[in-house]
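Below is one structure, written out as structure tokens; the observations come after it.
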Amino acid sequence: MDSQWIPRGLQRTSFPRFLAWILPWAGLLAWGLFGAALCLIEGLNQTNMDNRFAFGLWIYLDLTIIAFGAGAFFTGFLLYLLRREALRPVINSAVVLGLICYSGAIIVLMVDVGQPLRAWFTFWHPNTHSMLTEVTFCLTCYLTVLLIEYVPVLLKNRQFRRIPKMLVFEFELHKLMPILAGVGAFLSFFHQGSLGGLYGVMQGRPFAFREAIGIWPTTFFLFILSAMAAGPSFLIVTTRLVESLTKKRLVDDRALRTLGRISGFMLAGYLALKAIDTLVWINATSPGAGFPAYEYYERASFGTWILFLEIGVFGVLPALLLLSRHTREHRGWLLTAAGLVLSGIALNRFVLTIQTLALPTLTFDPFLSYVPSWQEVATFTAVVAYGVLLYSLSYRYLPLFPQERELAQS
Amino acid sequence: MPARYGMVIDLDRCTGCGNCTVACAVENNIPPGPPGVTDRTGITWMRVYEADNGEGFPETQSAFVPVMCMQCEEHTPCVSVCPQNAVEVDPETGIVGQIPERCLGCRYCMAACPYHARYFNWWDPKWPEGMEKTLNPDVSPRMRGVAEKCNFCHGRLHTAREKAAAAGNAAIDPADYVPACVESCPTQAIVFGDLNDPASEVAKLSRDERAFRFLSRLGTEPKVSYLSSRAWVRSLADRVLARDQKEEARG
Amino acid sequence: MNRFRVLFPLAGLLVGLTAGWVLFPALLYRTEEQPLQFSHAVHTDTGGMACADCHSFDADGRFVGIPTTAQCASCHADVMGETENEKRFVEEYVKTNREVPWKVYARQPDNAYFPHAAHVTRGGIACERCHGPHGTMNTLRPYQVNRITGYSRDIWGSSIGRVGMEPWEGMKMDDCVRCHRETERARACLDCHK
Amino acid sequence: MPLTRRDILRFAGAATAGIVFSPLPWKMLDDVAIWTQTGPWIPKVPRGPISHVPSICSVCPAGCPVTARCVAGVPSSLRAASGSGQPLCPIGLTGHHLAYHPLRVAGPCLVEHRGEKVLTTSLSLDEALRRLPSVDGDRSVMIVDQRPGRAISDRYRAFVRQHPGSFYAVPDDDASMRTVGYDLERAHTILAVSTPLLDGWTTPARTARLIERRSKNDGLRILAADAARSRTATLADRWMPIRPGSEAALLVALLHLAHAHRQPDMTPSMRAIIERTTPERVAAAIGVTPVQLRHVYEKLTERGPSLVVVGGDGSNSVDAETDRLAFQLNRALGAASNGAIRQRPAIPVSEGLRERDLAVATPLSSVPDASVALVIIDGDEGTCHLSWESIVRTLHPGASIVVSLSPVLTALASHADLIIPSPAPFESFGEATGDGTDIACRYGVSRPLHPRRPGSVDPELVLGHLSGQVIEHEAALRDKVAGIWASRRGQIRTPDGSTTNLTSVEGAGSLWTALSEGAVWTLEGAPASASVRALESDASATDRLAARLSELAAGGATSTIAVVPTTWAPVTSCSRLSPLMTKLYQESGLRPTSEVAAVAPATAHACGVEDGAVAELRAGEQSSKVKVRVSDSLAPGMVQLSAGPDPVGFRSPEPPAVANALPRGRAAELRKS
């Protein structure tokens, strides 16, 4: 039915089966868009956020998926600038995933702000001291870069390849790739960092506030490193997921092992710095601001176990697994380790958004809890469904995995 | 010399009557809460908290603590975070101004404020039919989706300046500029004025030995101070102090 | 043939430019007539009055703006002249004690704060600086209102591209800021916003 | 030449480029952003000349001087008149909103109950008046005046006097408790027994003076005997937790210590009760130790003048007996002779009327059952503590009709058959007749500030329809002022704080001018004589007291929990509040709403309820859904039930219904629902 659109020589499931796969996701997308529309039309009273929990599920989601989406810039950086050719099999998939994560984050942000029609004020009247300005500029620019990077992938479609001019265009674009990768890496470094800086600069929230190195708080650098650890792991997990769903080999193990090793290195570096950062914070930064650090962990739901879980189970353990050649070359361990890395990064983003806001600052103020409303969950779901749909369509109609054909033949 | 407007609130005089909260809402065109509003989604630029000494019955002691924007002087947490310059500290008055028309509603400033003194318009502003005729013409109503906060009744400063300008004066008469909460406080627990004027009552009281500021170790130099002769009330200033106080009490 | 093909993009450009520069401004603004015609010239020339005689300040220095019917009635309790408009004013407004629903060309939105006392009394700026030759005009020009924002057209200025404007034209924030920058006055947002 | 797809694309592309190089997209972007700032859904502020109008607040009878800041003649804020030294309360600060109350009644209407819903059908004034039965020999009328002392009150009394068998009824505490006032200024030691002395019980000015004196350390000592840690308990110098409902026992024990039984003018049965009520016998029932009781008594006698105030808190006033005991205790402490309590004089009656031609007020509870055919309820601001049952029992079982003159569909109005709404505060001339705890009586007139809403009817017109003699509202007030002037007593206090003796006011006209410009006439009472008729105990009251004391002593250690009602006194004196009061009730934790029940952690644990949970509070037949708040400031075994307005937008007809249903000290059960 749609066979003339499917890349030559690749096996794809029948159209009805594909339809059966995407329809539920489309349904979820529709439900999510309804929830988002309610928030836009009725206002943010539809959410369970409040003056104290000014940020909720959505900001948490944004921080997490942008960290996961870091695979796009980091892989591009390694491939095009550092010439790690082993990563070429995953680069297309990385670009699509990056595009999904970043555009998803921006869609959610547009629902999250109270006055989306005025969002362009940030470009017109930017406050250069604000981390959010940095985030906004970098996110927008980097999304543009990702869209341009996505075009050559899109042009690989069979129908587009029939137009000679498109082929020339694609070829020209390919020559641009290293430049785009460079620009993308630069922008990404900044906004991954600024997202961390977002919380690290909050003088009034000693739980999140960190000392500055230069003009940036330490979380700026920790976020860059942790995103660089998360990105490759996310590629491992998604690739394995697609492989298991399609019951096909798509990427040879070498590429994934390389990703795992890089992720492990980054994670190890990140953990070392985070440990130092945490010690400085517990002993100097927080008490200096009038907050004994142990008090943060006196709340039932947010004990010190969270810190140990994040650094130990979700940090040191996967780092060891990924750095050891033995476990890295075991497919199961590699996947487990990558999953643990992602959990650790997700937990870190959770702690920084939700726990920061739950902890009271004034001494007579209570500890608060927050549970997202269905509208928030729906909007969240819409982004996930949108990602699945875009990825499914890209996978079906574009040659996302250059090795797919040879792996299928072998 | 530019002014540095500030306040001193005597916690030993506050009876928690709520006049300040209500007078503030009337003055600043803050709409009534819609059905379903809670203490976490409502808008009260001036809010009175009840604080206690943490002891059980019957040793409990409480104090009422009015909290509004502290007009932080240094590293003003909400100013540096705003992505589009909707918040600023006026160098002429020291007042932290928020321009709702510029705000895009990202709420970063609210997350950044240690005093939780910023409020978001979760709903469209609505007054019962006809009641919009009673709005204060000197303050513009805010729209849904933006943050807002206390600005020391800036509309009243406008009025005072206008009066001075019409008389050809550069400086306002301090008696013409009194925020609504100060004016409405029945026990005169709130004193307002220019901290840069050493002769002003507010400057004197802020140096009183009973005076303290909340979370002053954050280094934001709030311009609102509090007074109390009760040690446990003063120890509410920050958590390290509260802990030390408790340990001292235990011996 | 090929030359003819060039006409398509040219025509497109022309259509786009016309839509943006001519059609759009015409559609954006709605024109409304004032409820009554009023001649400032008659009052300032023949009557020898100054702006401040009617547009005055109250005891607290607040600019009163357009005079109330009661103020007008201090002279126009009965018909003084011959014009139809004055007759209508006396019949329909003075006798029934109603206010004339004037449409105010210079009306700023609620969030803008403009103290006339600071500019006129203390700053010595002439009314004409911002209001132009309004006081010498014989008629009230039609009032134009922006369909989207509800603002008077005077705030943006008559030129849609904001080029070639008279010095008094335009009352956007940029116009205020320009003058304030030149004279180094008022630095804070809340100086002019409320 | 065929038009190709490419040509169309080129045309469209160039047109887009043309638009981009025109103001269209950029101005649209700008205008749409402005539209979000000034769109039609954002209310516009009023414009117009600003004026400052001096007046008084007539929302409650206290009559605090105000300055209304008006824009184009409509008040935008009420402020305490500067120089008056009399601050306002939150309700006064928002008094000008009441004309826009969401439950405002548009005109005369019939009221119908359909289940939970209250439906109104509007009808013309003539029709409404036609529905009032004519009052004659066998058809009697009861006029319930909740704000006695006004000009219309005099007219009501004259009318009732002319119609034998009819009643001029006032709330019970207006009839008894409010006959004496407390001179808080004079007292050095004040014992507040279950009374929100520092939380709205008196006018804000008097509370402020107490706080001021205390911060100046002039020796003022405030003791609070309260079952819960109320605001007054928090702010007092010393708080003695007592069992709810044990106020009478506490007072009798203190009377015992004062050796009051040796007083010559005491009835023998009362003397016997006091004599046998030793601190040792009742301390346990009160929930304190005998030593503490003696200590409190010592404090009371250590530094006089001393006062014991037992005003209740409005929603759940203490009963008449407790009131009488307080009077006797004050008398025993010397407050009658040193002037700390005084008998408040009555406001002179309107010109043209004579006191002896006016009916005497009947306490509502003394009106016989099933005796009236027409009830007119006036002054419906103060209905929170007047239950519908207390009115409905007086109705003749045949054709009877209840008419409310309330401008707002709250409280009793929603139960009435017919509403003929009077103007809202500040819509016509209003009156203030003085705070019921003050030593002085006062009279003030608030002038109209709002344009009057069509459909509202002056009570004079309704009475005129019944009596056949119609008088204009303003004329009735002028008569009242003339009557006051003719008394030649008292003085007037202008908004700037200066006072003039009435004798130097030139005529009734000048007095009217002064009053309508914000002045208030006051007349201080004389020291209460040893006997105040309304406060003397009769034999049956003494018997009831004895029974209660023994009941209390027997039930000292009960396993169920006891209810402590608390409220914020101003709320109970006006059931209509500005919609802006959500700031105090819902948008901050400052004032609890009527559905909040606070309990100690131990009690919550014992009852199996958690903080924030919805639970059922049951006492006998009555039960209510409450939201549990666990608080350290309560004694175990008690539930503090707040009587505030309804939490959802002040729409409920009867705000403190929960508190009315569960009286003070009543044993109750708290269960998870």
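Screening chain A for DSSP H helices whose Cα atoms reach 27 Å or more along their own axis and whose mean Kyte hydropathy is at least 1.6 gives A:88-112, A:131-155. Panel note: the C-alpha atoms of the stretch A:1-110, placed on their principal axes, show extents of 53, 42, 15 Å (largest first).
Normalised size of the stretch D:184-338, defined as Cα radius of gyration per 2.2 N^0.38 Å with N residues, equals 0.99.
Diffusion of the stretch A:3-409 by Stokes-Einstein, at 37 °C in a medium of 0.692 mPa s and with Rh set to the Kirkwood radius over alpha-carbon pairs, works out to 147 µm²/s.
Which stretch or stretches of the stretch A:59-78 have amide N atoms under 15 Å from the point lying 7 Å from A:Phe186's Cα along the Cα→Cβ direction? Zone members listed by number: A:77.
Would you calculate a helix-derived [θ] at 222 nm for the protein assembly as shown, using -39,500 (n - 2.57) for each DSSP H run of n ≥ 4 and dividing by the full residue count, to the nearest 500?
Helix-only estimate at 222 nm: -11500 deg cm²/dmol.
Once both labels are positioned 7 Å from their Cα atoms along Cα-to-Cβ, the gap between B:Asp176 and A:Ser14 label points is 8.6 nm. One equal scatterer on each Cα of chain D, no solvent, Debye formula: the resulting log10 I(q)/I(0) at q = 0.11 Å⁻¹ is -1.18.
Summary value for the stretch A:3-409: 31 percent relative contact order, contacts being C-alpha pairs under 8 angstrom separated by 6+ residues.
For the cross-link pairs C:Lys172/C:Lys194; B:Lys163/C:Lys194; B:Lys133/C:Lys194; C:Lys194/D:Lys27, which exceed 20 Å when the distance is taken from alpha carbon to alpha carbon? Over 20 Å Cα-Cα: C:Lys194/D:Lys27.
Taking the protein heavy atoms of chain D in the context of the full set of protein chains, the accessible area attributed to carbon and sulfur is 53 percent at 1.4 Å. Estimated from the Cβ-Cβ distance and a Förster radius of 22 angstrom, the FRET efficiency linking C:Gln71 and C:Glu32 is about 0.40. In this simple spin-label model, placing a label point 7 Å from the Cα along the Cα-to-Cβ direction at both C:Met137 and D:Glu212 gives a separation of 5.6 nm. Apply the a/c threshold of 1.5 to the C-alpha gyration tensor of the stretch B:106-251 and tell me whether it is rounded, prolate or oblate. Note, shape of the stretch B:106-251 comes out oblate. Once you reduce the stretch C:56-128 and the stretch A:256-334 to the center of their Cα atoms, the two points are 71 Å from each other. Overall, the accessible surface of the stretch B:5-250 at a probe of 1.4 angstrom is composed of carbon and sulfur to the extent of 47 percent.
Computed over the Cα atoms of the stretch D:98-210, the ratio of the radius of gyration to the Kirkwood radius (Rg/Rh) comes to 1.10. How much FRET efficiency would the formula 1/(1 + (r/R0)^6) give for D:Lys299 and D:Arg354, where r is the Cβ-Cβ distance and R0 is 45 Å, rounded to 0.05? Once rounded, the FRET efficiency stands at 0.40. Over chain D, what is the relative contact order in percent, taking alpha-carbon pairs closer than 8 angstrom and at least six residues apart? Over chain D, the number comes to 18 percent.
For chain A, modelled as a GNM whose springs connect Cα atoms under 10 angstrom apart, the maximal fluctuation among A:Leu117, A:Leu29, A:Leu323 occurs at A:Leu117. Counting only alpha carbon atoms, the long axis of helix D:204-215 and the longest principal axis of chain D meet at about 70°. Taking 8 Å as the Cα distance limit and 6 or more residues as the minimum spacing, I'd like the relative contact order of the stretch B:5-250 as a percentage. Reported as a whole number, the value is 27 percent. Chains B and C together bury roughly 2000 Å² of accessible area, counting both sides, with a 1.4 Å probe on protein heavy atoms only.
Placing unit charges on the Cβ atoms only, positive for Lys and Arg and negative for Asp and Glu, gives the protein assembly as shown a dipole magnitude near 5200 debye about its Cα centre.
Under 18 Å from the 7 Å Cα→Cβ point of A:His125, by amide nitrogen: which residues of the stretch B:19-49? It comes to no residues whatsoever. Report the residues of the stretch A:6-30 in range of a label on A:Thr246: point 7 Å along Cα→C-beta, backbone N strictly under 13 Å from it. Residues passing the 13 Å test: A:6-14. Here each label is just a point 7 Å from Cα along the line to Cβ, and for C:Lys103 and A:Arg254 those points are 7.7 nm apart. Checked against a 22 Å cut-off, the cross-linked pairs B:Lys126/D:Lys44; C:Lys87/D:Lys44; B:Lys149/D:Lys44; D:Lys216/D:Lys299 give Cα-Cα distances beyond that limit for C:Lys87/D:Lys44.
Plainly put, the protein assembly as shown has a radius of gyration that is 1.02 times its Kirkwood radius, both from alpha-carbon atoms, as the Rg/Rh ratio. An oblate overall shape is assigned to the stretch B:56-157, the ratio a/c of its alpha-carbon gyration tensor axes (a ≥ b ≥ c) being 1.5 or greater and a/b not exceeding b/c. Under 5 Å from the amide H of D:Ser594 lie the amide H atoms of D:Gly644, each residue being 5 or more positions distant or on a separate chain, with H modelled from the backbone and absent for Pro and chain starts.
Using a probe of 1.4 angstrom and keeping all protein chains present, the accessible surface of the stretch A:232-373 works out to 40 square angstrom per residue.
Relative to one another, the C-alpha centroids of the stretch D:135-212 and the stretch D:276-314 are positioned 27 Å apart.
Taking all Cα-Cα distances within the stretch B:1-133, those exceeding 22 Å account for 49%. One quarter of the surface of the convex hull around the alpha-carbon atoms of chain B equals 15.4 nm², the direction-averaged projected area.
Debye calculation, C-alpha points only, no solvent: report log10 I(q)/I(0) for chain C at q = 0.08 Å⁻¹, in the same order as the q values. At q = 0.08 Å⁻¹ the computed log10 ratios are -0.38. Chain D against chain B buries an accessible area of about 4700 Å², both chains summed, 1.4 Å probe radius.
Going by accessible surface with a 1.4 Å probe and the largest first, A:Phe221, B:Phe214, A:Phe186, A:Phe209 read A:Phe186, A:Phe221, A:Phe209, B:Phe214. Average accessible surface for the stretch B:5-250: 31 Å² per residue, computed with a 1.4 Å probe over protein heavy atoms with every protein chain in place.
The values are calculated or read from the model by the stated rules, or taken from the named source; none is laboratory data. All figures in this text were calculated on a predicted structure; none of them were measured in a lab. Note that each Cβ is placed from the backbone with ideal geometry, even for glycine, and that neighbours are counted across all protein chains shown. Surface accessibility is based on the protein's heavy atoms, side chains included, excluding ligands, DNA and RNA. Shrake-Rupley method; radii C 1.70, N 1.55, O 1.52, S 1.80 Å.
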